[in-house]
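The values are calculated or read from the model by the stated rules, or taken from the named source; none is laboratory data. Given the structure is predicted, the values throughout are model-derived calculations rather than measurements. Note that each Cβ is placed from the backbone with ideal geometry, even for glycine, and that neighbours are counted across all protein chains shown. Just so you know, the surface numbers come from the protein's heavy atoms only, side chains and all, with ligands and any DNA or RNA stripped out. Shrake-Rupley method; radii C 1.70, N 1.55, O 1.52, S 1.80 Å.
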Amino acid sequence: MTTTQEQDRLDRTDGEQRERHASNTGRVAAGVFSPRQLLVSLPDALRKLHPRHQLRNPVMFVVWAGSLLTTVFAITGPSVFSIAVAAWLWFTVLFANLAEAVAEGRGKAQAETLRRTRTETVARRLRRDGTEERVSGADLRVGDRVVVEAGEVIPGDGDVAEGIATVDESAITGESAPVIRESGGDRSAVTGGTTVLSDRIVVRIGTRPGESFVDRMIALVEGADRQKTPNEIALNILLAVLTVIFLFAVVALQPMAGYSGATQSVIVLTALLVCLIPTTIGALLSAIGIAGMDRLVQRNVLAMSGRAVEAAGDVDTLLLDKTGTITYGNRQATRLHPVAPSTLGELAAAARLSSLADGTPEGRSIVELCTREHGPDGGSGAHERGAEFVPFTAQTRMSGVDLDGRRIRKGAAGAVRDWVTGLGGTVPPETDRVADEIGQRGGTPLVVAEVSGGVAVVHGVIELSDVVKKGMRERFAELRAMGIRTVMITGDNPLTAKAIAAEAGVDDFLAEAKPEDKMALIRAEQEGGKLVAMTGDGTNDAPALAQADVGVAMNTGTMAAKEAGNMVDLDSDPTKLIEIVEIGKQLLITRGALTTFSIANDLAKYFAILPAMFVAIYPQLDALNIMRLHSPQSAILSAVIFNALVIVALIPLALRGVRYRPTGARGLLRRNLLVYGLGGVVVPFAGIWLIDLVVRLVPGIG
């Protein structure tokens, strides 16, 4: 992706990004809700009334059993009150099913859109002798090599083995701008169903039929692969325990009521039980989980498990690569600094030679700078084609060339210093001074050295400049307010890392990092009881991605990285890790807020139902009728109706999620108690009172 496209994406707000993505892919944007979805999802909600489905949710199964029981009594002893209570208990179950059906329906609509991106393709598979054969895309196996040219659809997920091409990935990512995919780099991965716009590439297939990312996204958004997360299971157990406790309490109430001479009907006891148990959160819990995964899919993130989403909400430490995440990642050579006894011309010639085979943006910019300001080396030509190029590795942290008895290297100051001194050479003190000055300015110094005739000489330092992305300091401040520690990972020297870390506002940095250093840092954090999240795209990142609690692999990265992580970002945007953490926290906050509201609103139901049950024999209980409800029957029916309607009222909030604000645990708890705790107490009083004003007008109730 070009720098302009990256800047355009970064400048969009979260809402603009979601709207653009939804528009380009035809998907329903996360959080969008319309009343029509309730009507469309009604048939699915009715099908979910089957007892086999209700058994999955202990709370709603009790409501379902109570509805069945009251229906039997309403038929055997019909009255307006018994029929109304039975009907509204069934509505309670139906509305709970409706919440889940609406969430699943949104996923099914997205799955249908994704299915339209899948086309039956005929692949041009290469035989061992290099000839082509045409086969169905469904017949491809892992390791097959297929040819894809301009205008053709890539038949399956894999890596570019040969060539370079521009690819249209808008059907998957929602980004209309084409992207470049090439062999041998970090952007070699391609996704089945995308279209090659130019040139010719050979793709090595990396997945079996039916297991591509599109297939997995379809299964994910449809809910077929959604398993309950550990926290969701724990909350379900808590709700089941509360339900059993209230069940025993209601059953024990009847003997005491009989002893007092006010035996209660089964219908009244059932209504009391349904209003006491946490039906609101029990009804919405599944929808909250489905909607949380939906928000990830809307941002083009494929989660391998719900546990990873929850872990993202509890992350303590965020490891972020500097290049491409904190900075734009398009470091450019801006200046050459020779050190005595070498001249500027000698440094330029050596720097150019060492970068001729360097296909990175930094390497190309070095060649351009040397050629533009100093002209090509007079000896350049055919003899350079016989040079032996030395590629950069994470271990050596150097690259270069061996030509005509000369060994030229460029790389990190420490690595080149060790290389020169190991060959018996000396490093001029000016080298460290220049490198330190560049690092203090936030640039990256690359030292250029040469061994010729058995003598090791340092020619000078190349200055690379990078730019911190706009808004990163503010985002890191938000993470700090949430109690999340940010660590910048970079291969730069400590001075450069310190300067960029200070400019970006991260809490800490790891300089001159090797793959094993990342692993050591992750393990050290986890041994301290912290959850760690990180991004990666290369094979060397795979061990760290597997070790991290939340490992987000880039879709353009290698298959090893994608298989090691527990999330894959189809947009290959490293900064999205911050959004993933926010989505995880929003999921946990929404679940906690609605649980608080559900338990708190039981208080108003106590004041509505308990006085109504016993006011005939204990007139003193009328003092608890603070809502001044019309009659015992209208009070009980009003509480049952409110208990059902509040589920429908909260469906949009469950799907959209509670609005996320970066804050610490104490502020979050305070907000939760004030808004959803206090609101859970006040809203039912007002709601039940208003419903009673209507119910008292019903003949046979008032």
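State all residues of segment 427-450 that are among the polar types (S, T, N, Q) and surrounded by fewer than 20 Cβ atoms within 10 Å (Cβ to Cβ); if no residue qualifies, say none. Steps first, please.
Step one: of segment 427-450, the residues among the polar types (S, T, N, Q) are 431, 440, 444.
Once the filter is applied, which keeps residues that are among the polar types (S, T, N, Q) and surrounded by fewer than 20 Cβ atoms within 10 Å (Cβ to Cβ), segment 427-450 yields only Gln440.
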*Can you name the residue in segment 502-514 that is open to solvent by 10 Å² or more (accessible area, probe 1.4 Å) and hydrophobic (A, V, I, L, M, F, W, C) and, of all such residues, is modelled with the lowest pLDDT?*
Ala513
*Failed condition for Ala30, given (1) modelled with pLDDT under 90; (2) in a helix (DSSP H, G or I); (3) buried (at least 19 other Cβ atoms within 10 Å of the Cβ), with all others met?*
(2)
*Would you be able to tell me the number of residues in segment 261-299 that are open to solvent by 10 Å² or more (accessible area, probe 1.4 Å), in contact with a Ser or Thr (Cβ under 9 Å, 6 or more places away or on another chain) and either on the phi > 0 side of the Ramachandran plot or not aliphatic (A, V, I, L, M) (or both)?*
2
*Across segment 451-479, what is the number of residues that are modelled with pLDDT under 85, within 25 Å of Ala548 (Cα to Cα) and open to solvent by 10 Å² or more (accessible area, probe 1.4 Å)?*
2
*Can you confirm whether segment 551-566 contains a residue that is at pLDDT below 75, of a type in the set (Val, Ile, Thr), more than 16 Å from the chain's Cα centre (by Cα) and within 30 Å of Val179 (Cβ to Cβ)?*
yes
*Looking at segment 147-170, which of the residues that are within 25 Å of the chain's Cα centre (by Cα) and under 13 Å from Leu197 (Cβ atoms) is modelled with the lowest pLDDT?*
Ser170
*Kindly provide the set of residues from segment 139-161 that are open to solvent by 10 Å² or more (accessible area, probe 1.4 Å) and among the aliphatic types (A, V, I, L, M), ordered by number.*
Val142, Ala150, Val153, Ala161
*asked:* Please go through segment 480-492 and give me each residue that is of a type outside the set (A, V, I, L, M, F, W, C) and buried (at least 21 other Cβ atoms within 10 Å of the Cβ), ordered by number.
replied: Thr486, Thr490, Gly491, Asp492
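Restricting to segment 653-667, and then to whatever is touching a helix residue (DSSP H, G or I) at 6+ places or on another chain (Cβ under 9 Å), outside any loop (DSSP other than H, G, I, E, B) and not hydrophobic (A, V, I, L, M, F, W, C), can you tell me which residue is most open to solvent (accessible area, probe 1.4 Å)? Talk me through it step by step, then tell me what you get.
Kept after step one, since they are touching a helix residue (DSSP H, G or I) at 6+ places or on another chain (Cβ under 9 Å), are these residues of segment 653-667: 653-664, 667.
Then keep just the ones that are outside any loop (DSSP other than H, G, I, E, B); that gives 653-656, 667.
Still in the list and also not hydrophobic (A, V, I, L, M, F, W, C): 656, 667.
Details: Arg656: 114, Gly667: 20 Å².
So, considering only residues that are touching a helix residue (DSSP H, G or I) at 6+ places or on another chain (Cβ under 9 Å), outside any loop (DSSP other than H, G, I, E, B) and not hydrophobic (A, V, I, L, M, F, W, C), the one most open to solvent (accessible area, probe 1.4 Å) is Arg656.
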